[in-house]
Structure formats: structure tokens, C-alpha cells
Amino acid sequence: MRLNGDVENSGEGRGLVLVVEDEHAIADLERLYLARAGFGVHVERDGTMALARIRQLRPVAVVLDVGLPGLDGVEICRRLREEDDWTPVLFVTARDDEVDRVLGLELGADDYLTKPFSPRELVARVRSVLRRAAGPQAPRVLSVGRVRLDLGRRSAEADGEPVQLTAMEFDLLAHLMSQPGRVFSREQLLSAVWGQADYAGGRTVDVHVAQLRAKLGDASPLRTSRGVGYSATADGPAST
Ligand code: CA
């Protein structure tokens, strides 16, 4: 299910950004510009609900207003960090005393913007917190077991033979192969690869994994961890 019909895929953005903002006009503007930049966007207006959604949807980044009904933004971030959740957070502050609170919170103020801000600035800052969270430049070629992906050419090989993948199949496989052995939940994969929130029980992910397995045959590095999710491992497709 697409949450936002107005995504234009011309931008560089990738993944689901969760916007927490109780002012409708600002939330709409944030949604519009982030979607135009290529991100999937989910908006929450209440702090308590937002915390639950962050835990559920596993966004790649959170744009977090400080002054909110329910829990405020600083408290939301504090609770995430307490749970060892280091999802990048871009705070949006309305007043100097809010800036002080954000900066005083030594945990995880990845960046902040003060209202009023330009939507372009917001997009630039979201990209920047994501870049910082990603660390140094990722390698251009990924290799796990018998499968090799060239990220620049967007080409795939299994046992040295080219394999034709759709854009989504390629992106999903590249995401899994970027951290071999790490198990990603369906929610994490939907958020990171499709930029979508998962309301459909991960069927989209399951379908694409099945297609990848069909195309890669016994060279497939994809492994199912029942009840948890999927990983790419060098020692093959065994189910655990
Ligand atoms: Ca507010």
C-alpha cells in the first residue's frame, strides 16, 4: 500500500521518513517536499502515537517537532535512545528554549532546524543526517557467496552469469547484501527499500524475496529467519 500518491521518484531520497508535527500546514509542506525528494513519508501529529509508530514502522529518519501534544519531541527521542534505537532524528524547534533542551540532551540530537525554515533546507538536512548515519562511502560492488552486485551499473551476476533483476529486486538484494548475515525484519526492509509503512504484514517483501530466489536459483544467498525476517549470507539459503 502506498501511503502517499504524490511520490516523484526523480529525487535521491530513499526510505521512509516519519514526520511528527502537530501543525497541519507545516506537516503538509514537509510531506510534500520530502516526497518530491523521493522519500516515503508518514505523518503523525501526536507524540504518544508517534513513538508507537517509530517502533512499528522503523523509518530511516524522523523529523521531530519538539512541541507536541502527548509526549514532546525531546521525550520521544530520549525514550528511543534508552531502547538503544539510534534512528537519525532531525529536531524542529519553535523557540530558543527548545533549542537549549535539544542541545542539552546529549543523546542523539543529530541536527535541528528552527521554525520558520525553508522546505529545501529541511530536505538537505534530512539527507545530511542520513549520510552521517550511513558512515563512510559504501563500496560500489557487493559480493556475498555466489552473487555479485555492481551498484554503479546496477547489474547482478550469479556464478559469473548475468541475472536480470527488476529495480525493486535489485534494491532489496543490495540492501540485504550490504550487511551480510544481518537479519532485517519485513518492516525494516519495507521502510528502507520501498519507503513504505508496513500495513500488509510484509507480503510485498515476501513476494520479492520469492522472485529473487526463483531468479538466482541455488546461488541465492537469501536466508529466512522464521518469525524474524531475511538476511543474505555467504553459506546459502538454508531456513533457520
Ligand atoms: Ca508543535
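Please compute the net charge surrounding H42, taking Lys and Arg as +1 and Asp and Glu as -1 over other residues with Cβ under 10 Å from its Cβ.
Numbers: positive: R31, R53; negative: E44.
Here the count lands on +1.
Obtain the nm distance between the two label points defined at D111 and Q179 by a simple spin-label model: each point lies 7 Å from its Cα along the Cα-to-C-beta direction.
Each label point is offset 7 Å from its Cα along the Cβ direction, giving 2.1 nm.
Relative to the Cα centre, what is the charge dipole magnitude of segment 141-232, using +1 at the beta carbon of each Lys and Arg, -1 at the beta carbon of each Asp and Glu, and rounding to the nearest 20 debye? Could you put the intermediate results ahead of the total?
Values: 11 positive and 10 negative charges, 32 e Å.
Around 160 debye, computed over segment 141-232.
Rounded to the nearest 10 Å², what accessible area does E161 show when all protein chains are kept and the probe is 1.4 Å?
Roughly 120 Å² of E161 is accessible to a 1.4 Å probe.
Applying 1/(1 + (r/R0)^6) with R0 = 35 Å to the Cβ-Cβ distance of Q164 and L32, what FRET efficiency is obtained, to the nearest 0.05? Present the calculation step by step, with values, prior to reporting the outcome.
Working: r = 35 Å, r/R0 = 1.00.
So the FRET efficiency works out to roughly 0.50.
Which one of Y230, L142, V205 is farthest out on the positive end of the charge dipole of segment 141-232, using unit charges on Cβ (Lys, Arg +1; Asp, Glu -1) and the Cα centre as origin?
Of the listed residues, the answer is Y230.
Which order do D111, D46, D97 take when ranked by solvent-accessible area (1.4 Å probe, heavy atoms of all protein chains), largest first?
In descending accessible area the options line up as D97, D46, D111.
Which Cα, out of L190, T93, A25, lies furthest along the positive dipole direction of the chain (beta carbon charges, K/R +1, D/E -1)?
L190
With the chain treated as a Gaussian network of Cα nodes joined by springs under 10 Å, which of A219, A134, A35 yields the largest mean-square fluctuation?
Looking only at A219, A134, A35, the biggest GNM fluctuation is shown by A134.
Can you sort Y112, Y230 by 1.4 Å-probe accessible area, starting with the largest?
Largest accessible area first, the list is Y112, Y230.
Suppose we keep just the DSSP beta bridges with both residues in the chain; what percent of those would be antiparallel, to 5? List each step's numbers first, then the result.
On the way: 16 of 33 bridges.
So the antiparallel bridges in the chain amount to around 50 percent.
Using a probe radius of 1.4 Å on heavy atoms only, what accessible surface per residue do you get for segment 141-232? Whole Å² is fine. All intermediate terms of the calculation are to be shown ahead of the outcome.
Working: 4070 Å² over 92 residues.
The answer is 44 Å² per residue.
So which residue, out of V41, V99, V89, gets the largest mean-square fluctuation from a GNM of the chain using Cα contacts under 10 Å as springs?
Checking each option, the largest mean-square fluctuation is seen for V99.
Probe radius 1.4 Å, ligands and nucleic acids left out: which of R120, R132 has the largest accessible area, and how do the rest follow? Intermediate results must be reported in sequence, preceding the final value.
Working: R120 175, R132 140 Å².
Ranked list, largest accessible area first: R120, R132.
Carbon and sulfur: what percent of segment 2-134's accessible surface (1.4 Å probe)? Walk me through the intermediate numbers first.
Working: 2940 of 6220 Å².
Ligands and nucleic acids excluded, carbon and sulfur give 47 percent.
If the chain between D97 and E83 were fully stretched, how many nm would it gain, using 0.36 nm times the residue separation less the Cα-Cα distance? If you can, show how the numbers build up before the last one.
Values: separation 14, 0.36 × 14 = 5.04 nm, distance 2.60 nm.
Extra length from D97 to E83 when fully extended: 2.4 nm.
Treating the beta-carbon of each Lys and Arg as +1 and of each Asp and Glu as -1, no other charges, what is the dipole magnitude of segment 2-134 about its Cα centre, to the nearest 20 debye? Before the final figure, lay out the partial values.
Values: 19 positive and 25 negative charges, 120 e Å.
Its charge dipole is roughly 580 debye.
Within segment 141-232, what whole-number % of the accessible surface is contributed by carbon and sulfur, with the 1.4 Å probe and all protein chains included in the calculation?
Details: 1930 of 4070 Å².
So the carbon and sulfur contribution to the accessible surface is 48 percent.
At 0.36 nm per residue, minus the direct Cα-Cα distance, what do R203 and S143 gain on full extension? Give it in nm, one decimal, please.
On the way: separation 60, 0.36 × 60 = 21.60 nm, distance 2.64 nm.
Full extension of this stretch gives 19.0 nm more.
Could you give the nm distance between label points at R154 and S128, where each point is 7 Å from its Cα heading toward the beta carbon?
Between R154 and S128, the label points sit 2.9 nm apart.
Would you mind getting the accessible area per residue of segment 2-134, heavy atoms of the protein chains only, 1.4 Å probe, in Å²?
Details: 6220 Å² over 133 residues.
That works out to 47 Å² per residue.
Treating only the Cβ atoms of Lys and Arg (+1) and Asp and Glu (-1) as charged, compute the dipole magnitude of the chain about its Cα centre; round to the nearest 20 debye.
Working: 31 positive and 36 negative charges, 185 e Å.
In debye, rounded to 20, the chain gives about 880.
Over the chain, what is the mean sequence separation of C-alpha contacts under 8 Å (at least six apart), divided by residue count, expressed as relative contact order in percent? Provide the component values of the computation, followed by the final result.
Details: 462 pairs, mean separation 42.3, N = 240.
Relative contact order of the chain: 18 percent.
The values are calculated or read from the model by the stated rules, or taken from the named source; none is laboratory data. Treat the numbers as computed from the prediction; the structure is a model and nothing was measured. Note that we place each Cβ from the backbone using ideal geometry, even for glycine, and neighbour counts take in every protein chain shown. The protein model used for the area step is the full one, side chains on, heavy atoms only, and it has no ligands, DNA or RNA in it. Shrake-Rupley method; radii C 1.70, N 1.55, O 1.52, S 1.80 Å.
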